[in-house]
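Enquirer: Got a structure for you, questions after.
What follows draws every value from the coordinates through simple rules; no lab data is involved. Computed from a prediction, not measured in an experiment: that's the story for all the values here. With ideal geometry, Cβ positions are generated from the backbone for all residues, glycine too; neighbour counts draw on all protein chains shown.
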Amino acid sequence: MSLVVFVVVAFGFAGTAVALRGRARAVTSVGLVGLGAAVVAAAAIEPDQVVVVGDAGLATTDYLRLFLVLGSAVGLGLAVAGLAGGTRRDAPAMTLAILGAVALTIGLVDARVAVIVATAGGLFGVLVTLLPNGARAGATVGIRETRAVVVAGALSIAATAWFGRDLSELVAQPVVFGLAYLAFAVAVAMRFGAIPFHLWAARLTDVVPETSLPILTALAPASLAIVALAWVDASVAPLPVDLGPERAVVIAIAVASIVLAALAAFVQDDIEHVLGYSIVGDAGVIVLALAALDPEAWAPARTWILAFIVARAAFAAWTAGIRAGFWTGRVADLRGWALRSPLLAAAFILVAVASVGLPGLAAFDARTSLVDLALDPPLAPVVLLATLAPIAYYGRLMAIGLRRPDRALEPVDAWRPHVVAPDVTAFRRWVFNTWDLNRAFSTATIAALLGLLALATSAGAFGVGEAAAGPPPVVPASDESAASIASRDLPPLGSEAP
Amino acid sequence: MNPALAGVALAVVIGAVVAASARNARTAIFGLVVTMVGAPLLADPAAAPIGLAARLVGAVLAGYLLWIAARGHNVRTAGSRVGWPTEVFLAAAAAAVGYGSHGLGAPAGGPVLAAAAGFALAALAVMPVVTGHDILRVGLGLGLLLGGALLVRTSLAGTPDQLEQVLTAGLVATLGGAVAILAAAARADGPGGFEMSASTPHRSSHGSDAHPARPR
């Protein structure tokens with residue numbers, strides 16, 4: 001089946017790259033070829049295929065295919081941007097392993113199994129936390145990330161197991177349903193580093209290359225969020241139980257992330273932290289979708305997830321472009337960046353428009369729908385306004401970019417392509433020299449391309465809306481068991497325990 | 001009550017107490033391996049052979065990777081701050097809670113002993129996970145927490161099928177590998193063993209080890 005091919009390609013190349021990690025160039029080649037193969041394998045996935053294993057199995061959908069195509073494409077783009085701007089040799093392998101885990105997570109029909117794979121996928125990120133200089137500091141950040149992933153995994157395993165059985169003879173108080181729902185929602189929030197679970201994610205930006213950050217804190221957790229959305233729709237939303245207090249907690253986490261992360265991104269001194277907090281802020285909208293408890297939130301939430309991943313990846317590529325072109329990430333040192341690199345300025349505008357959106361764009365409408373579904377007036381318009389807060393940090397970065405540079409910086413033409421005459425007597429050296437000369441141009445070009453991809457995704461291109469509205473993966477033979485946790489099995493509320 | 005399952009549950013909890021309290025790194029790792037090997041056996045009906053074999057391989061692989069990270073003579077980890085007798089009482093109390101609340105409000109699909117052992121493991125994991133300042137100790141705590149969650153899952157929803165067992169084995173091995181990589185990296189970075197760093201890495205170094213570019 002086509003999904004199995006993708007998984008084999010992703011894990012196969014990831015394993016090969018890790019096995020060759022002593023040879024930097026070989027690792028890079030294997031990683032890039034693997035990511036290219038992953039794009040092809042993802043595009044070749046055929047929807048509505050099923051592999052039955054026992055009572056469960058794997059199934060493909062249009063959404064899974066689109067998610068993997070976009071995920072693999074941004075993974076490849078970020079890997080090349082990292083190659084030009086500086087990264088870890090394990091980054092492509094880590095991206096491939098996470099893509100393999102994400103494919104399984106979204107393709108598995110049983111949420112109890114999917115959360116296990118999602119947890120394993122989150123652990124692959126430790127590969128890029130190890131610093132060449134300062135291994136202890138990197139390992140400390142890595143174990144904190146591992147802690148967040150495993151605690152979230154334990155919560156989601158317990159929550160899905162509690163619902164994943166025959167509940168027709170229920171003796172529990174309704175509050176237990178709320179606790180299971182809250183546990184899974186908190187697990188998703190922890191994986192995204194949502195506020196107040198953000199400390200590990202903030203430290204992660206200190207050690208992880210900017211081009212790996214969206215893979216770790218956006219792509220990998222997004223697969224768990226997709227499982228959570230399907231689980232909430234099938235198991236929690238139909239319940240005739242008042243989940244008011246639990247919903248209030250989830251909404252508080254979401255709103256805190258949306259507002260405070262935007263504020264934190266605005267005041268940060270370096271662009272990697274701006275990137276990190278921008279991911280947290282946009283992830284708050286996904287957490288908000290879990291609080292909607294309405295099947296109407298299904299399509300907008302999944303639309304937003306796709307736009308979120310691609311837009312954050314494009315922003316990461318822009319960050320790498322700034323590093324490669326200006327050799328600094330300090331915001332205060334970036335005066336005039338937009339004047340000195342029009343290509344990066346174009347990429348930045350694309351990213352900002354794709355992220356903040358405009359009425360009529362699919363992502364903008366999806367975010368508006370989620371806020372309306374999750375919140376009632378007068379809070380809804382206030383939070384809707386707060387989702388536009390990223391304008392502040394994008395505006396700050398652009399304002400600095402449009403200022404006159406405060407010192408003479410050379411070279412001023414780093415963003416342009418540089419071609420030197422080929423040397424047929426030393427062709428290999430010529431290739432490497434040309435690559436070295438064009439590092440800044442390469443990252444800026446990739447940032448612009450990913451910005452275009454982000455804008456297209458945000459606008460609803462590639463059939464985003466139709467794919468997002470499609471059903472979750474289902475194995476026909478196990479329909480009964482997969483859906484047995486819905487409310488039809490529950491006794492009326494208030495009935496005495498048997 | 002099935003006496004064989006009771007014996008396995010006892011071994012799982014004793015292994016967890018050792019993992020949570022031992023100061024010798026390899027002794028603590030051995031305790032975790034006992035726990036991880038015993039956990040998939042705590043199911044009724046027993047897991048299918050392929051799934052069970054995968055779980056055992058995953059547990060041994062995770063333990064082996066941690067074992068490598070702790071190689072050397074008398075390598076120390078932080079161990080329990082409150083001592084093993086306190087950990088035993090904590091595990092016993094948590095096991096009693098798990099035993100008494102089996103099913104958590106609905107008929108359970110798995111054995112009550114899995115719930116008791118799962119609660120004991122989760123309780124033993126709290127101290128190292130929350131207060132640990134030692135990478136190996138936090139990692140051992142995370143192993144216990146994951147083991148506890150998987151046991152609670154078995155007690156609630158019954159014996160996992162083969163696909164879930166195989167994927168769970170992958171998760172256990174991945175966790176072991178991740179902790180081993182981090183622990184080995186910390187140990188290789190000067191004196192201090194598995195201690196966490198008190199300082200934040202300096203971002204400006206960029207930490208590129210793949211294709212370092214020459215600064216202009």
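Enquirer: Under the rule of at least 5 residues apart or a separate chain, name every residue whose amide H is placed under 5 Å from the amide H of residue A:57.
Expert: Those qualifying (amide H under 5 Å, at least 5 residues apart or on another chain) are A:109, A:110.
Enquirer: Kirkwood hydrodynamic radius, chain A, all distinct C-alpha pairs: what's the number in Å?
Expert: 22.9 Å is the Kirkwood radius here.
Enquirer: I'd like the mean, over residues of B:154-162, of how many other protein chain beta carbons sit within 10 Å of each residue's own Cβ.
Expert: Average per residue, whole number: 5.
Enquirer: Tell me, what ³J(HN,Hα) does each residue in the range B:74-79 have, in order and in whole Hz, if you take phi through Karplus 6.51 cos²θ - 1.76 cosθ + 1.60 with θ = phi - 60° and put x for Gly and Pro?
Expert: 6, 6, 9, 10, 5, x
Enquirer: Turning to a different aspect of this structure: Once fully extended, how much extra length lies between residue B:64 and residue B:24, figured as 0.36 nm per residue of separation less the alpha-carbon to alpha-carbon distance? Let's see the in-between values first.
Expert: On the way: separation 40, 0.36 × 40 = 14.40 nm, distance 1.58 nm.
The residue B:64-residue B:24 span can extend by a further 12.8 nm.
Enquirer: Can you sort A:364, A:315, A:427, A:124 from fewest to most other Cβ atoms within 10 Å of each residue's own Cβ? Before the final figure, lay out each step's value.
Expert: Values: A:364 22, A:315 31, A:427 10, A:124 27.
In increasing order of surrounding Cβ atoms, one gets A:427, A:364, A:124, A:315.
Enquirer: Which of the peptides B:134-140, A:174-180, A:445-451 is most tightly packed, and how do the rest follow, judged by the mean count of other Cβ atoms within 10 Å per residue? Before the final figure, lay out each step's value.
Expert: On the way: B:134-140: 29.3, A:174-180: 19.6, A:445-451: 26.1.
Most protected by this proxy first, the peptides run B:134-140, A:445-451, A:174-180.
Enquirer: Something else: Go through the range A:304-315 residue by residue and turn each phi into a ³J(HN,Hα) via Karplus (6.51, -1.76, 1.60, θ = phi - 60°); whole Hz please, and just put x for glycine and proline.
Expert: 3J(HN,Hα) across the range A:304-315, in whole Hz: 4, 4, 5, 5, 4, 5, 5, 5, 5, 5, 5, 5.
Enquirer: Next question, about the same structure. Taking only C-alpha pairs under 8 Å that are 6+ residues apart, what is the relative contact order of the range B:1-62 in percent?
Expert: Numbers: 60 pairs, mean separation 19.6, N = 62.
Averaging sequence separation for qualifying contacts and normalising by length gives 32 percent for the range B:1-62.
Enquirer: Further question on the same structure: Helix-only estimate, please: 222 nm mean residue ellipticity of chain A, summing -39500 (n - 2.57) across DSSP H runs of length 4 or more and dividing by its residues, to the nearest 500.
Expert: Details: 21 runs with 331 residues, N = 498.
Calculated at 222 nm, the ellipticity per residue is -22000 deg cm²/dmol.
Enquirer: Apply the Karplus curve 6.51 cos²θ - 1.76 cosθ + 1.60, θ = phi - 60°, to the phi angles in the range A:277-283 and return the couplings in whole Hz, x for Gly and Pro.
Expert: Computed from phi, the couplings for the range A:277-283 are 6, 5, 5, 4, x, 5, 5 Hz.
Enquirer: For chain A, find the longest principal axis of its Cα atoms and tell me its angle to the long axis of helix A:175-192, 0 to 90°, nearest 10.
Expert: Here the helix axis deviates by roughly 10 degrees.
Enquirer: Amide H neighbours of residue A:195 under 5 Å, at least 5 residues apart or on other chains, H built in the peptide plane: list them.
Expert: A:257
Enquirer: Which order do A:116, A:195 fall in if you start with the one that has the fewest other Cβ atoms within 10 Å?
Expert: Exposure proxy ranking, most exposed first: A:195, A:116.
Enquirer: Out of all Cα-Cα pairs in the range B:3-197, roughly what percent, to the nearest whole number, are more than 22 Å apart?
Expert: Values: 7924 of 18915 pairs.
Beyond 22 Å sits 42 percent of the P(r) for the range B:3-197.
Enquirer: Also: Given a cut-off of under 8 Å on Cα pairs at least six residues apart, what relative contact order in percent is computed for chain B?
Expert: Details: 365 pairs, mean separation 55.4, N = 216.
In percent, rounded to a whole number, it is 26.
Enquirer: Still on this structure, please answer the following. Hey, with R₀ at 56 Å, roughly what FRET efficiency would residue A:349 and residue A:166 work out to, going by the Cβ-Cβ distance, to 0.05? Before the final figure, lay out each step's value.
Expert: Working: r = 55 Å, r/R0 = 0.98.
Computed FRET efficiency for residue A:349 and residue A:166: 0.55.
Enquirer: Also, quick follow-up: Could you tell me the calculated FRET efficiency between residue A:176 and residue B:4, based on Cβ-Cβ distance and R0 = 35 angstrom, to the nearest 0.05? Mind dumping the intermediate values first?
Expert: Details: r = 31 Å, r/R0 = 0.89.
Rounded to the nearest 0.05, the efficiency is 0.65.
Enquirer: Enter the mean number of other protein chain beta carbons within 10 Å of the beta carbon of each residue in B:99-105, as an integer.
Expert: On the way: counts 0, 0, 0, 0, 6, 8, 13.
Averaged over the peptide's residues, the number is 4.
Enquirer: A further question on this structure: How shielded is B:136-145 by partner chains, expressed as the average number of their Cβ atoms within 10 Å of its Cβ atoms? Before the final figure, lay out the partial values.
Expert: Values: counts 1, 1, 6, 4, 0, 2, 9, 1, 0, 5.
Mean partner-chain Cβ count within 10 Å for B:136-145: 3.
Enquirer: Helix B:162-188 versus the longest principal axis of chain B: what angle, 0 to 90°, nearest 10, using Cα atoms?
Expert: Around 30 degrees separate the two axes.
Enquirer: Compute the Cα gyration tensor for the range A:2-63, then decide on rounded, prolate or oblate, letting a ≥ b ≥ c be the square roots of its eigenvalues: rounded whenever a/c is under 1.5, prolate when a/b is larger than b/c in the other cases, and oblate in all that remain.
Expert: On the way: a/c = 5.24, a/b = 2.11, b/c = 2.49.
Here the range A:2-63 falls in the oblate category.
Enquirer: So, one more: Using modelled amide H (1.01 Å from N, peptide plane; none on Pro or chain starts), what sits under 5 Å from the amide H of residue B:106, excluding residues fewer than 5 places away?
Expert: A:171
Enquirer: To the nearest 10 degrees, how steep is helix B:112-131 against the longest Cα principal axis of chain B, on a 0 to 90 scale?
Expert: That helix lies at roughly 20 degrees to the long axis.
Enquirer: Taking other Cβ within 10 Å of each residue's Cβ, how do A:403, A:191, A:88 sort, fewest first?
Expert: Working: A:403 13, A:191 30, A:88 27.
Ascending Cβ contact count within 10 Å gives the list A:403, A:88, A:191.
Enquirer: Here is a further query. Which of the peptides A:47-58, A:338-349 is most tightly packed, and how do the rest follow, going by the mean number of other Cβ atoms within 10 Å of each residue?
Expert: On the way: A:47-58: 18.0, A:338-349: 20.3.
So the order, starting with the most tightly packed, is A:338-349, A:47-58.
Enquirer: Starting from the range B:1-70, pick out the trypsin sites (Lys or Arg not before Pro) whose DSSP state is loop and whose Cβ has at most 15 other Cβ atoms within 10 Å. Walk me through the intermediate numbers first.
Expert: Values: sites: B:23, B:26, B:55; in loops: B:23.
Counting only loop positions with at most 15 other Cβ atoms within 10 Å, the trypsin sites (Lys or Arg not before Pro) in the range B:1-70 are B:23.
Enquirer: For chain A, what does the relative contact order come out to in percent, with C-alpha contacts under 8 Å and a separation of six or more?
Expert: Working: 888 pairs, mean separation 98.5, N = 498.
Here the relative contact order equals 20 percent.
Enquirer: Something else: Per the helix-only calculation at 222 nm, which mean residue ellipticity applies to chain B, given -39500 (n - 2.57) for every DSSP H run of n ≥ 4 and division by its residues, nearest 500 deg cm²/dmol?
Expert: Numbers: 7 runs with 141 residues, N = 216.
The helix contribution divided over chain B gives -22500 deg cm²/dmol.
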